[in-house]
Amino acid sequence: MTGGPSGVGGLVLDGLSFASTLGLTYDSNVSQGAVTPSETQQSDVYLSLGGSANYQSKASELTFGASYNGSYNQYFNNTDFSGFNQGAGLTASYDAGRLSVTGSLGVAYDKGSNRNYGSEVVGQTSFNTSLSARYRMSPKTSLTGNLNQSFTTSSGDFNETNNFSMGTSALWRYSPLTEFGPGIRYTSSSDGTGDGRTSVGPTITVNYKLSTKVSLNSRLGVDFASYEDGGSADPTFSTSLALDYRASKLWGMNLSLFRDTQADPNVSGGYSEVTALRIGYNRKIRRATLNLGCSYETTTYSVPAYEGVVSGTTPIPPPQPDRDYLSFDSSLGMTIFQNTTFASIFIRYSDQSGGGANAFDAVQTGVSLSRSF
């Protein structure tokens, strides 16, 4: 799914802001992931009209917020891709000295091309929840816990997916800047066919923060998995890393790395090992802001290895080709009209290899105007 850059909001009431966005985009391949040898790429131009509303309470021991965004994309030639996208979310946080808790709940609906499904038009609804907590036992030690769940359902002949993870860590503050410690993580995944996958394994967490200049949050773990229908799996690695570097008020960089096993919506009983890496750069140029980014993702398909099962008695999904996805994105924007409107131009290039009919490349470029009021 693609869209233009997000806009800026204007303060209407205490903590409440609104914004409207208008964008025009050229897409060189609107049916990304759906091109077959007998078909050619179809280019198109689409117009986007959207808006958002955000509320954030004043900072206190208990804070909460709510947001909503929606947009309609109108394609000029391929009208089947036209549709309404929207999302909403709730957040809350509690901080009372030794104990701090943060939670979020979100829902989103998107209609359009989806490179993971290999279908021309897909309507996808996703629900996400997260909860994290930290208890400071002493100035040097802390206990942390987190819970995350995502549920996705899509139109067409695709399976719904449900991914759940829960973990806890004991952290020791080595210095005022660094803390690390061991932990344990449990995961559960399912594609709605009954062949669920569960795993449990140790983790190591390392966090580093140097004021607002450098921030690092990382977790590395080993998952020992099993399947509900008797399948076995080799141990796999899971990784979560986020690094932010703010060199000065003029420029900064960020890096993120993610690796995990998730239920695959395309094939019943199948799972995908996903590794995603992204590097971003931002630079202030007088009144303008330049953003550059590069993302690389590799997806390896896997199925449970059934031991002692006679051929033909247990259906094993056919092997799926691995996929490699590479993208580059850039935008240049600045505020105009007495800082009430944010104008930007953007260009993105994406290329996916492997995956048979899911292989494609595409370019999107366009302009966007966001008005606060």
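Here region 175-215 is the region considered, the condition is being aliphatic (A, V, I, L, M) and part of a strand (DSSP E or B), and the residue that is farthest from TRP251 (Cα to Cα) is VAL200. Residues in region 354-366 that are under 19 Å from ALA288 (Cβ atoms) and either modelled with pLDDT under 95 or buried (at least 18 other Cβ atoms within 10 Å of the Cβ) (or both): 1 in all. Each residue in region 61-85 was checked for being over 30 Å from SER28 (Cα atoms) and either assigned to a strand (DSSP E or B) or open to solvent by less than 20 Å² (accessible area, probe 1.4 Å) (or both), and 6 of them qualify. The condition of being in contact with a Ser or Thr (Cβ under 8 Å, 6 or more places away or on another chain), within 20 Å of SER272 (Cα to Cα) and open to solvent by less than 50 Å² (accessible area, probe 1.4 Å) does not hold for SER169. Within region 191-221, being over 22 Å from THR168 (Cβ atoms) and open to solvent by 40 Å² or more (accessible area, probe 1.4 Å) holds for GLY192, THR193, LEU210, SER211, THR212, LYS213. Scanning region 115-127 for residues that are crowded, with 17+ Cβ neighbours inside 10 Å and of a type in the set (S, T, N, Q) returns ASN116, SER119, GLN124. The strands (runs of 3 or more DSSP E) falling completely within region 99-173 that include 2 or more residues that are over 29 Å from TYR68 (Cβ atoms) map to 119-136, 141-154, 161-173. For region 32-42, the criterion of being at pLDDT below 90 and in contact with an Asp or Glu (Cβ under 8 Å, 6 or more places away or on another chain) is met by at least one residue. Looking only at residues of region 244-259 that are within 24 Å of ILE285 (Cβ to Cβ), out of contact with any Asp or Glu (no Cβ under 9 Å at 6 or more places or on another chain) and in contact (Cβ under 8 Å) with a residue 12 or more places away in the chain, we find that the one that is most open to solvent (accessible area, probe 1.4 Å) is LYS249. Among (1) closer than 30 Å to LEU177 by Cβ; (2) crowded, with 16+ Cβ neighbours inside 10 Å; (3) hydroxyl-bearing (Ser, Thr, Tyr); (4) modelled with pLDDT under 90, there is one condition THR289 misses while meeting the rest; what is its number? That leaves (4) as the condition not met.
Conditions (1) under 23 Å from LEU257 (Cα atoms); (2) modelled with pLDDT of 95 or more, marked per residue:
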| site | (1), (2) |
| --- | --- |
| GLU179 | yes, yes |
| GLY183 | yes, yes |
| SER189 | yes, no |
| THR193 | no, no |
| GLY196 | no, no |
| ILE204 | yes, yes |
| ALA225 | yes, no |
| ASP234 | yes, no |
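For LEU90, are the conditions met, namely being under 21 Å from the mean Cα position of the chain (by Cα) and open to solvent by 50 Å² or more (accessible area, probe 1.4 Å)?
Details: under 21 Å from the mean Cα position of the chain (by Cα): yes; open to solvent by 50 Å² or more (accessible area, probe 1.4 Å): yes.
Spelling it out, LEU90 is indeed under 21 Å from the mean Cα position of the chain (by Cα) and open to solvent by 50 Å² or more (accessible area, probe 1.4 Å).
Checking the stated criteria, ARG134 turns out to be under 22 Å from SER169 (Cβ atoms), surrounded by 17 or more Cβ atoms within 10 Å (Cβ to Cβ) and touching a residue at least 12 places away in the same chain (Cβ under 8 Å).
When you go through (1) surrounded by fewer than 21 Cβ atoms within 10 Å (Cβ to Cβ); (2) under 18 Å from LEU292 (Cβ atoms) one by one for LEU369, which number turns out not to apply? Only one criterion is unmet by LEU369, namely (2). In region 94-108, the residue that is farthest from THR299 (Cα to Cα) out of those that are modelled with pLDDT of 95 or more and of a type outside the set (A, V, I, L, M, F, W, C) is TYR94.
Which members of region 325-348 meet the condition of being of a type outside the set (A, V, I, L, M, F, W, C) and either crowded, with 19+ Cβ neighbours inside 10 Å or assigned to a strand (DSSP E or B) (or both)? Within region 325-348, TYR325, SER327, ASP329, SER330, SER331, GLY333, THR335, THR341, SER344, ARG348 meet the criteria.
When THR198, THR203, THR178, THR212 are checked against the criterion of being in contact with a Gly (Cβ under 9 Å, 6 or more places away or on another chain) and of a type in the set (Ser, Thr, Tyr), a single residue qualifies: THR203.
When ASP229 is tested against (1) open to solvent by 50 Å² or more (accessible area, probe 1.4 Å); (2) in contact with a Ser or Thr (Cβ under 7 Å, 6 or more places away or on another chain), exactly one condition is not met: (2).
Here ASP351 qualifies as in a strand (DSSP E or B), over 30 Å from SER215 (Cα atoms), modelled with pLDDT of 85 or more and out of contact with any His (no Cβ under 7 Å at 6 or more places or on another chain).
The values are calculated or read from the model by the stated rules, or taken from the named source; none is laboratory data. Model, not experiment: these values are computed from the prediction. Counting neighbours? That spans all protein chains shown, and the Cβs are built from the backbone with ideal geometry, glycine included. Accessible surface areas use protein heavy atoms only, side chains included; no ligands, DNA or RNA. Shrake-Rupley method; radii C 1.70, N 1.55, O 1.52, S 1.80 Å.
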